[in-house]
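S.K.: Have a look at the structure that comes next, please.
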Amino acid sequence: MIPALLADTLAVLANAADPDGTTPNEPVAPTGNPAHGDYQWNFAFRLAKARKQNPRAVAESLVGQLHHPLIRKAEVAGPGFINLFLDDAAVARALAEQREVPQLGLPQGGSGKTVVIDYSSPNVAKRMHIGHMRSTHIGHALDRLHRAAGYSVIADNHIGDWGTQFGKLIVAWRYWHDGAAYAADAIGELERLYVLFGTRTKAVDGDDDETKASKQALIDAARTETVKLQKGDPDNLALWQQFMDVSMAEFNAVYARMGVKFDVTLGESHYRDMTDKVVEDLRRDGIAEASDGAWIVRFEENSLKNSPVIVQKRDGASNYTTTDLACLRYRIAQWNPDRILIVTDMRQQLVFNQLFAIARRWSIQTELIHTWFGMLVLPEGAMSTRAGNVIRLVDLFDEAVSRARAIVDEKAPHLPDAERADIADAVGIGSIRYADLCQHPQTDVTFTWEKMLSFEGNTAPYLLYSYARCCSLLAKAGEIPDVRAIRLEHPLERELALSILRLPESALAALNLSRPNLLADQIYDLANRVNRVYHDLPVLTGGDARASRLALLDCARNALRTGMEWLGLRVIDRM
Ligand code: ARG
């Protein structure tokens, strides 16, 4: 981490230039263009602005005092940029140090801190479909990154297990369930019943009065069953438990394939006895007010002025936000976290803005972050779906793995069958994950099989292959020279070394901004630079440079592996 290595020196300079400490320093950032050096320090602009001085003059004076063994040359460019050119031998030493420390020297800013990450969180009684995928991928990557940065992480799957879907399912079950079908495929039968309830109650143009009445009767029955369940009716509770068990088995099978594990799965039902107290306290604190028989919270914040939220409906039932308030309190009481991060799609922004505004009125100090993401778009015809059905995750994974298998069979027919299956699994599941994570989370993501499974470009197969190639080269070499053998004599070696050093920098940015794609970009850059060295420079036959290049590629291999694992990709050594 170059910025960390320079931080103290730059802080001393910044303090000396700004003794009252009113202008915050800033870390150095990589330059996009080697002509401008390796890193840039833009503090002079800030200081000059605060002081109403000429930024170039301020930059000149800072540069005059800047001495650090890593810096070969510092120069002022343009209106006041400070460009830093790093010393090759010092870069090689930094690389050697990085090789010796855990997590590539990622700063352990989370040590002693706890974070709760709420992700995946599907609604129960349906199969997991592609709508659940992004929350699981992004949440899991943030989970890994927080752990790598030293945080104690509580990964909490806040499943929707207490909603009105159960009333519908209970009614459908009582009328229409097919015992044999349930015995053969329980989740499939629950899904069928749920869909059936939807079609049997959907109003259609031309419904006669009798049909309308019978549809309404079903809807009313479902509502009654939901209320009975929520009041603790033993028969309904038993059915609920049965449906839950079926759903959880299905979810867990999907998570196992994705390599995702939660520390706790505390769904909405966990908070069912805590919501009344929430409403009571909101009333006591003058936060909730009566409105037409219900209890609502109004907001002063400009963005929320027109969006009051109901915390208790007229029939006494609480809702999503009430449950989340109970959940917030529970998490704080239980784990006293420094940060709570909730990962959902963009449509829940308002809900969480409201929630966090209420939390502020309760003076909750925990850092609360809603990490939202855009929608997933599958191109027309990307997968055959049964009419009217969403694409299930299991089917998506099966398709990816079988397509990957065809490629592996073609490219590596000499490998044993079990190994090809294992490679296809890592490549297939990894491709979907990476296609998701490599894009800015807050944009919509479009999947195409061709792009996702390509061995060229910014894809999982390309990264995995680059890694496996490093492994096989090093295996062929038969020895891994000491990192201190590294000499950066060729520009391609130097660029590779810098790219390795930048990996933890981008991981930190990804963590701080909830943007795994920043890390993905750097892994891609690293893979490109590995391949340049591999193609353009002799390694095994590199003569004097052989030991240095092998040691460098060993650092690259280690960094590629760590980076991919931070994103949650399963890495394989041979392809
Ligand atoms: N179950 C919700 C959904 O499917 C997501 C839950 C997110 N977490 C939370 N604490 N509300 O949209």
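S.K.: Looking for whichever is of a type in the set (G, A, S) and within 27 Å of E493 (Cα to Cα) here; the options are A90, A59. Which one fits? It would help to see each step written out before you state the result.
M.R.: Details: A59 fails: within 27 Å of E493 (Cα to Cα).
On inspection, the qualifying residue turns out to be A90.
S.K.: Answer yes if at least one residue in the range 229-240 is in contact with a strand residue (DSSP E or B) (Cβ under 8 Å, 6 or more places away or on another chain), of a type in the set (A, V, I, L, M, F, W, C) and either surrounded by 20 or more Cβ atoms within 10 Å (Cβ to Cβ) or modelled with pLDDT of 95 or more (or both), and no otherwise. Working first, answer last.
M.R.: Let us first name the residues in the range 229-240 that are in contact with a strand residue (DSSP E or B) (Cβ under 8 Å, 6 or more places away or on another chain), namely none.
Scanning the range 229-240, I find no residue that is in contact with a strand residue (DSSP E or B) (Cβ under 8 Å, 6 or more places away or on another chain), of a type in the set (A, V, I, L, M, F, W, C) and either surrounded by 20 or more Cβ atoms within 10 Å (Cβ to Cβ) or modelled with pLDDT of 95 or more (or both), so the answer is no.
S.K.: Confirm whether V76 is closer than 30 Å to C555 by Cα and out of contact with any Ser or Thr (no Cβ under 7 Å at 6 or more places or on another chain). So that I can check it myself, show each step before the final result.
M.R.: Numbers: closer than 30 Å to C555 by Cα: no; out of contact with any Ser or Thr (no Cβ under 7 Å at 6 or more places or on another chain): yes.
Against the criterion (closer than 30 Å to C555 by Cα and out of contact with any Ser or Thr (no Cβ under 7 Å at 6 or more places or on another chain)), V76 does not qualify.
S.K.: Same structure, new question: Does any residue of the range 447-464 turn out to be assigned to a helix (DSSP H, G or I), charged (D, E, K, R), under 26 Å from the mean Cα position of the chain (by Cα) and crowded, with 16+ Cβ neighbours inside 10 Å? Walk me through how you get there before you give the answer.
M.R.: Quick first cut of the range 447-464, residues assigned to a helix (DSSP H, G or I) only: 449-452, 460-464.
Cutting the leftovers down to charged (D, E, K, R) gives us 450-451.
Cutting the leftovers down to under 26 Å from the mean Cα position of the chain (by Cα) gives us 450-451.
With crowded, with 16+ Cβ neighbours inside 10 Å added as a condition, the list becomes none.
No, because not a single residue in the range 447-464 is assigned to a helix (DSSP H, G or I), charged (D, E, K, R), under 26 Å from the mean Cα position of the chain (by Cα) and crowded, with 16+ Cβ neighbours inside 10 Å.
S.K.: So the check is Cβ under 9 Å with 6+ separation or different chains; which pairs have a first residue in the range 128-153 that's on the phi > 0 side of the Ramachandran plot and a second one that's of a type outside the set (A, V, I, L, M, F, W, C) and away from the ligand (no atom under 15 Å from the Cβ)?
M.R.: Between residues of the range 128-153 that are on the phi > 0 side of the Ramachandran plot and residues that are of a type outside the set (A, V, I, L, M, F, W, C) and away from the ligand (no atom under 15 Å from the Cβ), the close pairs are G150/Q103; G150/P107; G150/Q108; G150/G109; G150/G110; G150/S111; G150/G112; G150/K113.
S.K.: Among the residues of the range 197-211, is any more than 13 Å from the ligand (Cβ to nearest atom), touching a helix residue (DSSP H, G or I) at 6+ places or on another chain (Cβ under 9 Å) and in contact (Cβ under 8 Å) with a residue 60 or more places away in the chain? Walk me through how you get there before you give the answer.
M.R.: Looking only at the range 197-211, we keep the residues that are more than 13 Å from the ligand (Cβ to nearest atom), and these are 197-211.
Retained after the next criterion (residues that are touching a helix residue (DSSP H, G or I) at 6+ places or on another chain (Cβ under 9 Å)): 197-198, 200-204, 207.
Narrowing further to those that are in contact (Cβ under 8 Å) with a residue 60 or more places away in the chain: none.
Checked the range 197-211: no residue is more than 13 Å from the ligand (Cβ to nearest atom), touching a helix residue (DSSP H, G or I) at 6+ places or on another chain (Cβ under 9 Å) and in contact (Cβ under 8 Å) with a residue 60 or more places away in the chain.
S.K.: Taking the range 114-137 as the search range and keeping residues that are more than 10 Å from the ligand (Cβ to nearest atom) and in contact with a Ser or Thr (Cβ under 7 Å, 6 or more places away or on another chain), which one is modelled with the lowest pLDDT?
M.R.: In this case the residue turns out to be A125.
S.K.: Of the residues V91, V58, which single one is away from the ligand (no atom under 16 Å from the Cβ) and closer than 23 Å to A507 by Cα?
M.R.: That would be V91, the only listed residue that is away from the ligand (no atom under 16 Å from the Cβ) and closer than 23 Å to A507 by Cα.
S.K.: Given the conditions (1) surrounded by fewer than 17 Cβ atoms within 10 Å (Cβ to Cβ); (2) touching a residue at least 60 places away in the same chain (Cβ under 8 Å); (3) under 17 Å from V115 (Cα atoms), and given that M346 satisfies all but one, which numbered condition is not satisfied?
M.R.: Condition not satisfied by M346: (3).
S.K.: Could you please give the count of residues in the range 328-352 that are away from the ligand (no atom under 13 Å from the Cβ) and of a type in the set (S, T, N, Q)?
M.R.: Filtering the range 328-352 for residues away from the ligand (no atom under 13 Å from the Cβ) gives 332-339.
Filter once more, so that each one left must be of a type in the set (S, T, N, Q): 334, 336.
Summing the residues that are away from the ligand (no atom under 13 Å from the Cβ) and of a type in the set (S, T, N, Q) in the range 328-352 gives 2.
S.K.: What about G163, is it on the phi > 0 side of the Ramachandran plot, in contact (Cβ under 8 Å) with a residue 24 or more places away in the chain and surrounded by fewer than 24 Cβ atoms within 10 Å (Cβ to Cβ)?
M.R.: Numbers: on the phi > 0 side of the Ramachandran plot: no; in contact (Cβ under 8 Å) with a residue 24 or more places away in the chain: yes; surrounded by fewer than 24 Cβ atoms within 10 Å (Cβ to Cβ): yes.
It is false that G163 is on the phi > 0 side of the Ramachandran plot, in contact (Cβ under 8 Å) with a residue 24 or more places away in the chain and surrounded by fewer than 24 Cβ atoms within 10 Å (Cβ to Cβ).
S.K.: If H270 satisfies all but one of (1) closer than 30 Å to A249 by Cα; (2) away from the ligand (no atom under 14 Å from the Cβ); (3) more than 24 Å from the chain's Cα centre (by Cα), what's the number of the condition it fails?
M.R.: It is condition (2) that H270 fails.
S.K.: R484 is checked against (1) assigned to a loop (DSSP other than H, G, I, E, B); (2) at pLDDT below 95; (3) of a type outside the set (A, V, I, L, M) and fails just one. What number does that condition carry?
M.R.: Unmet condition: (1).
S.K.: Pull out all pairs, ordered by first then second residue, where Cβ-Cβ is under 6 Å, the residues are six or more apart or on different chains, the first lies in the range 313-326 and is touching a residue at least 40 places away in the same chain (Cβ under 8 Å), and the second is among the hydrophobic types (A, V, I, L, M, F, W, C) and within 16 Å of the ligand (Cβ to nearest atom).
M.R.: Correct list of pairs: T322/V278; T322/V311; L325/V278; A326/M274; A326/V278.
S.K.: In this structure, does S111 turn out to be under 30 Å from T265 (Cα atoms), at pLDDT 90 or above, out of contact with any Cys (no Cβ under 7 Å at 6 or more places or on another chain) and in a helix (DSSP H, G or I)? Break it down stepwise before answering.
M.R.: Details: under 30 Å from T265 (Cα atoms): yes; at pLDDT 90 or above: yes; out of contact with any Cys (no Cβ under 7 Å at 6 or more places or on another chain): yes; in a helix (DSSP H, G or I): no.
Taking the combined requirement at face value, the residue does not satisfy it.
S.K.: Would you mind telling me which numbered condition in (1) away from the ligand (no atom under 12 Å from the Cβ); (2) over 20 Å from the mean Cα position of the chain (by Cα); (3) modelled with pLDDT under 95; (4) of a type outside the set (V, I, T) Y320 fails?
M.R.: Of (1) away from the ligand (no atom under 12 Å from the Cβ); (2) over 20 Å from the mean Cα position of the chain (by Cα); (3) modelled with pLDDT under 95; (4) of a type outside the set (V, I, T), only one is false for Y320: (1).
The values are calculated or read from the model by the stated rules, or taken from the named source; none is laboratory data. The model shown is predicted, which means the values in this text are computed figures rather than measured ones. Please note: Cβ atoms are built from the backbone with ideal geometry, for glycine as well, and neighbour counts cover all protein chains shown.
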